[in-house]
């Protein structure tokens, strides 16, 4: 009997560290990180990088999946504040208005908790409204401008090959990630405008949206998920009426992110395009994020290019801000390696062009 009791307590003692690892983080975490959804591929790269950096730095944290619901996220923030969170790191769900972000700041301000918004941009007014608030992200216009420049240069080098019906004009489709989101708005705008500027400067006509009945000149993910599924469904429908057999094939595909580019390419391949097979038609597809899947599609000639968004650099910047907050320093301390907006605590991570070369 004594041996059994000893064995029980011995095993219990061995399990204590495991129990602490499994349950302790949620109860005692200092940093609470809220992601708009775990299913976004780029955001997942940021999450993986930030998790590792916080773990390596010995900082306790808890991650939350808001599953694209602002109601869920706000409730999660309320719970974290009640638990005694020392810092909130928020990838806001709703970007179309300031209400959600201001609501989170109100909860944080009442508890004296700093807030770091990231990736999905909040307005200058939101950040300025609380002296313990900052934003880490990209310049919403930069990705669109770089993508548009890349598209324009590609077309000037490959115009005749891209002009499948030989009418001298390139027809395109634009897949927009989310209405009301600044990144989506500016990528949609400048992905076309900058390409047009390159073309017209060289004496070529501007791009033409494939469907004359669509005055928006984009197809938006109705659920705001920037998803491969949405682009795949749109592309499949479009190809039924606009294809090489009808001599009105869509000749260029512009996507707000690489997930949508993947979905469009899957639809193209199902219709016999972009297969990589010798002699098959390849429609140039451009995205944003430079996720691994997109890089592989570019390497195999099924995608033309993307814009890099460095998840590791974003995570590193946030880790520095987290350390500042936990040590009672200004959130912007030690940010000399980054661009900071004048007059507002917004730190920028720069984009780059990726074509596999």
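The values are calculated or read from the model by the stated rules, or taken from the named source; none is laboratory data. Here the structure is a predicted model, which means the values were calculated and not measured. As a convention, Cβ positions derive from the backbone with ideal geometry for all residues, glycine included, and neighbour counts pool all protein chains shown.
A few points about this structure:
- In segment 98-116 there is at least one residue that is under 30 Å from residue 292 (Cβ atoms) and touching a strand residue (DSSP E or B) at 6+ places or on another chain (Cβ under 6 Å).
- Residue count for segment 280-301, restricted to those that are closer than 29 Å to residue 114 by Cβ and in contact with a strand residue (DSSP E or B) (Cβ under 6 Å, 6 or more places away or on another chain): 0
Listed here are the residues, each with its yes/no results for (1) surrounded by 23 or more Cβ atoms within 10 Å (Cβ to Cβ); (2) assigned by TED's automatic domain parsing to the domain that holds residue 269; (3) in contact (Cβ under 8 Å) with a residue 24 or more places away in the chain.
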site: 213; (1), (2), (3): no, yes, no
site: 218; (1), (2), (3): no, yes, yes
site: 229; (1), (2), (3): no, yes, yes
site: 235; (1), (2), (3): yes, yes, yes
site: 240; (1), (2), (3): no, yes, no
site: 249; (1), (2), (3): no, yes, yes
site: 258; (1), (2), (3): yes, yes, yes
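- Candidates 316, 296 - the one that is within 22 Å of the chain's Cα centre (by Cα) and surrounded by 15 or more Cβ atoms within 10 Å (Cβ to Cβ): 316
- Some residue of segment 229-243 being out of contact with any helix residue (DSSP H, G or I) (no Cβ under 8 Å at 6 or more places or on another chain), at pLDDT 95 or above, closer than 22 Å to residue 152 by Cβ and not in a loop (DSSP other than H, G, I, E, B): no
- Helices (runs of 4 or more DSSP H) within segment 104-162 that include 2 or more residues free of Cβ contacts under 8 Å to residues at least 24 places away in the same chain and over 29 Å from residue 312 (Cβ atoms): 159-162
- Filter pass, residue 183 being part of a loop (DSSP other than H, G, I, E, B), crowded, with 21+ Cβ neighbours inside 10 Å, touching a helix residue (DSSP H, G or I) at 6+ places or on another chain (Cβ under 7 Å) and at pLDDT below 95: no
- Test: residue in segment 280-294 that is part of a strand (DSSP E or B) and at positive phi: yes
- Exclusive hit being within 30 Å of residue 277 (Cα to Cα), surrounded by 15 or more Cβ atoms within 10 Å (Cβ to Cβ) and in contact with a strand residue (DSSP E or B) (Cβ under 6 Å, 6 or more places away or on another chain), set 304, 345, 325, 321: 304
- Any chance residue 264 is under 17 Å from residue 121 (Cβ atoms) and either part of a helix (DSSP H, G or I) or assigned by TED's automatic domain parsing to the domain that holds residue 232 (or both): no
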